[in-house]
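Encoded as structure tokens, the structure appears first; notes follow it.
The values are calculated or read from the model by the stated rules, or taken from the named source; none is laboratory data. For clarity, every value in this text was computed on a predicted model and none was experimentally measured. All Cβ positions, even for glycine, are placed from backbone atoms using ideal geometry, and neighbour counts span all protein chains on display. When the accessible area is computed, the model is the full protein with side chains, heavy atoms only, and any ligands, DNA or RNA have been set aside. Shrake-Rupley method; radii C 1.70, N 1.55, O 1.52, S 1.80 Å.
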Amino acid sequence: MNDVPAPSKRRTRSGARLLLGGACALAITVSSMAVATLAHADLSGPPGTTLKAAAERSGRYFGTAMGADRLNDSGFLNIANREFDMMTAVNEMKPDATEPNPGQFDFRRGDAIYDWATQHGMRFRGHTLAWHAQQPKFWAGLSGSALRSAMISHINGVMAHYKGKFAYWDVVNEAYAENGSRRSSNLQSTGNDWIEVAFRTARAADPSVKLCYNDYNIENWTYGKTQGVYNLIKDFKARGVPVDCVGLQTHFTGGSSLPGNFQQTLSSFAALGVDVALTEADVTNASTSQYQGLTQACMNVPRCVGITTWGIRDSDSWRGNENPLLFDRNSNPKPAYTSVLNALNAASTTVPGTTTPPPTTPPTTPPTTPPTTPPTTPPTTPPTTPPTTPPPTGQPGGCTAAYRMVSMWNGGFQGELTVTNGTTAISGWTVQLTLAGGQTIANVWNGSNTGNSGAVSIRNAAYNGALGANASTTLGFLVNGSSNTAPSNISCTPA
């Protein structure tokens, strides 16, 4: 989602059907539900001066992700309105957020993001319906047929609320392990057909929306996980299971993580008869060459329908200390922005979805290339919801840390700490905590940890250490282990 347990996007839908005519002009029929539509393709027109305008020249979209906390952030909203035409909610439509109690749904935060996006001419991607992480708490006590029924009920409840409104839904998120086998999870334990059941349930709930499978580390064609997902989609298409698209999260790390065969991966999935999309793109230090390369690969594949970055500014990113997005913390576009804009404008392909590349034969040799993101699936994004209880007021000359359990699942949980400063400004902070026996930290964002079991210290990141009087900041982490016992001995020390 960046997700460890973790978390994609797709193209048009019933509310915005694309009809080809003339020189690739598109007539768009808008449903009575006022769904935002994609501009027509016009490769002969002048270059676009924004990301969405440049993408729309070839009938594609350029999207971003937003949490409800950004609805009052004018800097974020101004860029979002100017540059993007597709929106995804960061956490607000995940299972734990939408169904806190059995049969009791809460769509308020998700609706607020959807309403803002559609009021500003954007289409929407739902994220996500079935996932091994960020599940409703009551699922932890379910298994077998009871858990299967809860999943089906959840999909029906959420999709009924948003029926006819979305362009895409990420039906299943991150169901595969790195070696190409099914990920071990409570949903997998209900039976190997659970993914198929999720897609068939989703199609019955909303015949109009594009249904997608979404995952990370499936960008390299020869990698085991990529082949596992490819074989799933191939099987589904052969048997008539309703899958319309594959989302590649595209969380690239390091200086050379863009696979040389990335375009082959996109075209190989597309050859199965599905759309492909880059759904959560971010790149370490916003590498200009890698951003240009992933954009160009998408532009070269007709059924690559669009690109979504997981946030707008570096300050919005779950990987903020790596500065991975197209805009800096002051809302200025980076050189990578220009490289993406140029690649979008240079597109010369036909309208997405109108042609299918020839089939590509899967590799016969075992994968040899490592994943493009760390094997521990980073959570698609840290939570944006505030603590359920106010953080403690800072004390003179010190800082405090308040813990909140965000979500849990069999074998781990996601936690959040709110660090609140005292009455004297500080330049840095360190949180100390103790994990229960058998627990280990799998991932930390908005901070860096020393130790990953037992006594652990988490120091501020480069961008959130300086705190004024009574100011606060948050950090998040994922823990693997046999229990969901909350950390103990939590304290904060100012730098």
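Working ranking of peptides 112-121, 471-480, 227-236, 99-108 by packing, defined as the average number of other Cβ atoms within 10 Å per residue, highest first, is 471-480, 227-236, 112-121, 99-108.
At full extension, Ser348 and Asn285 could sit 19.8 nm farther apart than now, given 0.36 nm per residue minus the alpha carbon distance.
Near Asn156: Cβ cut-off under 12 Å, other residues only, Lys/Arg at +1 and Asp/Glu at -1. The net charge is +1.
Under the criterion of Cα pairs below 8 Å and six or more residues apart, the relative contact order for segment 51-346 equals 16 percent. Charged neighbours of Gly273, selected by a Cβ distance under 12 Å, balance to +1 (K, R count +1; D, E count -1).
Taking 0.36 nm per residue of separation and subtracting the Cα-Cα distance, full extension of the segment from Asn489 to Leu71 would add 147.0 nm. Over segment 51-346, accessible surface divided per residue gives 28 Å², non-protein components excluded, 1.4 Å probe. Since only Tyr337, Trp310, Asn217 are under comparison, the one whose Cα sits farthest along the positive direction of the charge dipole of segment 198-356, derived from C-beta charges on Lys, Arg, Asp and Glu, is Asn217. Relative protection proxy for 434-440, 337-343, 126-132, from highest mean packing down: 126-132, 337-343, 434-440 (other beta-carbon atoms within 10 angstrom).
Per residue, the average separation of C-alpha pairs within less than 8 Å and at least 6 apart gives segment 400-494 a relative contact order of 42 percent. Excluding ligands, DNA and RNA, the accessible surface per residue across segment 400-494 is 37 Å² with a 1.4 Å probe.
Counting only protein heavy atoms and a probe of 1.4 Å, the accessible surface of segment 234-339 is 44% carbon and sulfur. Peptide packing: for 91-97, 46-52, 448-454, 413-419, the average count of neighbouring Cβ atoms within 10 Å per residue gives the ranking 91-97, 413-419, 46-52, 448-454, highest mean first. Counted by Cβ distance under 14 Å from Asp115, the other residues give a net charge of +3, where Lys and Arg count +1 and Asp and Glu count -1.
Under 26 Å of direct C-alpha separation, and excluding same-chain neighbours fewer than eight residues apart, Lys334 reaches these lysines: Lys9, Lys52.
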